[in-house]
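Just so it is clear, none of the values below were taken in a lab; they were calculated from the coordinates. A quick note: this is a predicted structure, and the numbers were derived from the prediction, not measured. Counting neighbours? That spans all protein chains shown, and the Cβs are built from the backbone with ideal geometry, glycine included.
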Amino acid sequence: MGGGEKPELMINGKRLDGRMPDQLRSIKIESGVIKNAVGSAYIEWGNNKIIAAVYGPKEALPKHVQDPERAIIKCRYTMAPFSSLEEHGRSGPNRRSTEISKVTKEVFENVIMLEKFPGSEIDIFVEVLQGDGGTRAAGITAAAVAVAASGIPMTDIPYAVSFGKVGDTVILDLNKIEDNYSDADMPVAISPRTGDILLLQMDGTLSKDDVKAGMDMVYRAAEVITKVQRDALKAPYEKISERYTK
Amino acid sequence: MQIRTVTEDFIADLLANGKREDGRDFMSYRDIKVQTGIVPNAEGSAMVTFGDTKVIGAVKISPGEPMPDKPDEGNLMTGAELHPMASESFDTGPPSPDAIELGRVIDRGIRASNMINPKALVINDELVWSVFVDVYVLNYDGNLFDAGMFASAAALNTCRMPKYEDEKVIREGNLEKFKPGGLATSCTFAKLGKSIVLDASGNEEAFMDARITISNDEAVIRAMQKGLHGSFTNAELENLIDISFNKSKELRKMISDLR
Amino acid sequence: MQRIVVPGERLHDKPIRIDNTITDNNGTYSCILGYFDDQSKSLIPLEGLWLPKSGDTVVGIVEEDRGTTFTINLNAPYRGLIIARFIETDIRARDVIIASIKELEKDGTAILVRPKRLEGGKMISVKPSKIPRIIGKANTMVKQITDNTGTSLIIGLNGIIWLKGGNVDLATKAILQIEEEAHTSGLTDRIREMLEANKV
């Protein structure tokens, strides 16, 4: 957790940005922002601004990476060097982003019907243009829209969000300052149709009851996040239909 | 592999008849759109589209040490990223020679035109401001040089200047604007066979023999770069310089209007 | 009622058999972004790529001449392959061809037969999921394009369309409009009106 002097994160039951403990930041998604990709999405989740794009399925190369039974997924999560308010970062992957790429890939290995495209490869890119805590969750939520928009069959559209703990309070959807100073952080990705957990990471200190309370919030958040995802996917088609329904 | 739906013959036939795929004149830009401030964490940022080419220019400014040979000047570092999400032909992995060339040509245009005034970037005896300009290509459909240069100039011209107080950088709140010392844009021409076109699309670039980028401001040329195996005649060069002075006026006006 | 549905969205409260869906005890769910008709229980994909099937007509580009075989780019995860001794036409790398799929190999490679070179003309690439709409019921849509533009169209189920002659720009415009509006109703009439209005 972060160094320096720890700020007061909860005042009179409210968080620094005025949210209640179980309240999400505002989430907006736009589908179809990268023309060359088969599917893409731009998400603004609080102050996070992230683009996800999908290419493929295409012939998996080099040949030795091919799986004759199913498609393979390659995933690349990166943060732009200008994404933080502080110093200019390095571009390209590092240890942190490589791990996030891996766990993101595993989420999509669960929901994409890979057996439909044996021997092929699906590429998923997640680029954080601006980060403010919870970028892996927001990236997965956006990438799920990008994959669905491409027409690649999937058993569900997953979403992700994190929860954590400040003092005695379990809070949903940590922003950067909360992430830096909270007592715990637990990002989770869920298949809303089944409730199955597709990604789970955690560090800090949580009791079993905290996990239960946090997971409750995560499941309740599906109502909002899934709706934003579905609306984003339908919007481009509905916009065209509306031209002719009046 | 995505199929390229135009063939070399198709493009060549069009050009021989004085036409382009999208109906443009040989020396016209596509529709250019710019949106500034899209990454508020960066001191300056702009999303720019030239037709279906989409790039972000972003500026970060941080204190750093001056170069040993230039103790009284700030630093400029320009990089270009051909993001793999922008095209099936862009690879993951270390920056390609194409990406490095793109970054360096834009860097020279910025530097030579004094868009960054290095003498104005001294903080104290030990520290100067380092200005990082990143060009991020999000969707490729040709002419990354002009789109990247335009996005960089748009970001620099709408950029805030951080303050350095009590050994701390202040990046938010009431800040002054960054003051560019000049304004340059570039015009890039592609040569296919004998035809020369401004602002080539991806389909045109796929079959181009040579490319030339001319960066200039109102008065003088600030940087040039010729690329690829083909060649230009001296007469062509002179003509393209004239055209670049003329066409780049539109671009510079768009950027001045952002301020 | 017809509606746009997304993966994971429930189409029916009982498990029933529909293409591109999965079921559990609580119902039937879409696996694709599609257009669902509650009455006919049909789910039509709005997006998605083409997967080769035996008998499909395709338009592709000859990628490589390997002497005894040619590889063909079909804008798909799998290549096409033409066996040289089975053909009479002379084909070369970079040629645009129309061919049909004879069979699929284990690794997905499509064995193509009866290739024919397409000379000159123009290609456009559309989403393969929109091809049935571009062809129309009993070829109605494609016929009204050719009738009004004089352009010959060769349509590959892989999403590549080759156009030659007549008013190619108008034919292209019509195809791209069908691609964009494929999920709307009254499209055939609108396209006819557009073609007639723009006819020279």
Run a plain Debye calculation on region C:122-200 (Cα atoms as equal point scatterers, no solvent) and give log10 I(q)/I(0) at q = 0.21 Å⁻¹, rounded to two decimals, same order as the q list. -0.87
What area, in nm² and to one decimal, does the C-alpha convex hull of region A:145-246 cast on average over all directions? 8.4 nm²
Is chain C best put as rounded, prolate or oblate by its Cα gyration tensor, with a ≥ b ≥ c the root eigenvalues, rounded for a/c under 1.5, and otherwise prolate when a/b is larger than b/c, oblate when not? oblate
Diffing region B:239-247: the Karplus 3J(HN,Hα) column from phi (6.51, -1.76, 1.60, θ = phi - 60°), in whole Hz with x for Gly and Pro, holds 5, 5, 4, 4, 4, 5, 4, 6, 5
Normalise the Debye intensity by I(0) for region A:21-68, one equal point scatterer per Cα, no solvent, then take log10 at q = 0.15 Å⁻¹ and round to two decimals. -0.58
Long-range amide H partners of B:Leu192, meaning residues 5 or more apart or on another chain whose placed amide H is closer than 5 Å, are B:Val197, B:Asp209
Show me, for region C:120-128, the HN-Hα J-couplings you get by feeding each phi into the Karplus relation (A = 6.51, B = -1.76, C = 1.60, θ = phi - 60°), rounded to Hz, glycine and proline as x. x, x, 9, 10, 10, 10, 10, 5, x
Would you work out if region B:84-194 is rounded, prolate or oblate? Take a ≥ b ≥ c from the square roots of the eigenvalues of the alpha-carbon gyration tensor; rounded if a/c is under 1.5, else prolate when a/b is larger than b/c, oblate otherwise. prolate
By Cβ neighbour count within 10 Å, fewest first, B:Lys226, B:Lys191 rank B:Lys226, B:Lys191
Please compute, for the alpha-carbon atoms of region C:57-118, the extent along each of the three principal axes and give them in descending order in Å. 27, 21, 19
State the volume of the convex hull built on the alpha-carbon positions of region B:105-259, expressed per residue in Å³ and rounded to an integer. 129 Å³
Using amide H atoms built in the peptide plane, which far-off residues or other-chain residues are under 5 Å from A:Tyr159 H to H? A:Ile190
Quick one: Karplus J couplings for region B:106-111, per residue in order, coefficients 6.51, -1.76, 1.60, θ = phi - 60°, nearest Hz, x for Gly and Pro? 5, 4, 5, x, 5, 5
Can you give the FRET efficiency for C:Glu119 and A:Val224, using 1/(1 + (r/R0)^6), R0 = 51 Å, r = Cβ-Cβ distance, to the nearest 0.05? 0.35
Once the Cα gyration tensor of chain B is diagonalised, what are the square roots of 5 times its eigenvalues, in whole Å and ordered largest first, as equivalent ellipsoid semi-axes? 35, 19, 16
Using the per-residue mean of other Cβ atoms lying within 10 Å as a proxy for protection, in what order, highest first, do the peptides A:87-94, C:141-148, A:51-58, B:74-81 fall? A:51-58, B:74-81, C:141-148, A:87-94
Listed residue pairs exceeding 21 Å between alpha carbons, taken from C:Lys53/C:Lys106; B:Lys19/C:Lys122; A:Lys58/C:Lys53; B:Lys119/B:Lys249: B:Lys119/B:Lys249
Whole-percent pair-distance distribution, where bins are 10 Å wide, for the alpha carbons of the protein assembly as shown: 3, 13, 21, 25, 21, 12, 5, 1, 0
Would you please give the residues with an amide H less than 5 Å from that of C:Glu63, counting only those at least 5 places away or on a separate chain, with H modeled from the backbone geometry? C:Thr71, C:Ile72, C:Asn73, C:Arg94
How big is the gap, in Å, between the Cα center of region C:99-151 and the Cα center of region A:31-85? 30 Å
In debye, nearest 20, what is the charge dipole magnitude of the protein assembly as shown about its Cα centre with +1 on Lys and Arg Cβ and -1 on Asp and Glu Cβ, if you could check? 1640 debye
Please work out the C-alpha center-to-center distance from region C:25-42 to region C:181-200 and express it in whole Å. 29 Å
In what order do B:Glu101, B:Glu205 fall by count of nearby beta-carbon atoms within 10 Å, going from fewest to most? B:Glu101, B:Glu205
Kindly work out what percent of the DSSP beta bridges joining two residues of the protein assembly as shown are antiparallel, to the nearest 5. 85 percent
Run through every distinct alpha carbon pair of region B:185-259 and return the Kirkwood hydrodynamic radius in angstroms, one decimal place. 12.8 Å
Express in whole angstrom the spacing between the alpha-carbon centres of region B:206-224 and region B:74-115. 16 Å
Cut-off 20 Å, label point 7 angstrom out along Cα-to-Cβ of C:Thr140: give me the residues of region C:164-197 whose amide nitrogen falls inside. C:174-197
Calculated [θ] (222 nm, deg cm²/dmol) that DSSP helices of n ≥ 4 give over chain C, each run adding -39,500 (n - 2.57): -6000 deg cm²/dmol
Rounded to a whole number, the mean other protein chain Cβ count within 10 angstrom for residues of B:82-90 is 6
Over chain B, the sum of -39500 (n - 2.57) across DSSP H runs of at least four, divided by residue number and rounded to 500 deg cm²/dmol, gives at 222 nm -8000 deg cm²/dmol
Chymotrypsin sites (Phe, Trp or Tyr not before Pro) within region B:1-47, DSSP loop, no more than 10 other Cβ atoms inside 10 Å: none
What is the order of A:Lys239, C:Lys122, fewest Cβ neighbours within 10 Å to most? A:Lys239, C:Lys122
Given axes a ≥ b ≥ c from the Cα gyration tensor, I'd like to know whether chain A is rounded (a/c under 1.5), prolate (a/b larger than b/c) or oblate. prolate
Loop GluC sites (Glu not before Pro), region C:1-95 (other Cβ atoms within 10 Å of the site Cβ: 11 or fewer; DSSP): C:Glu88
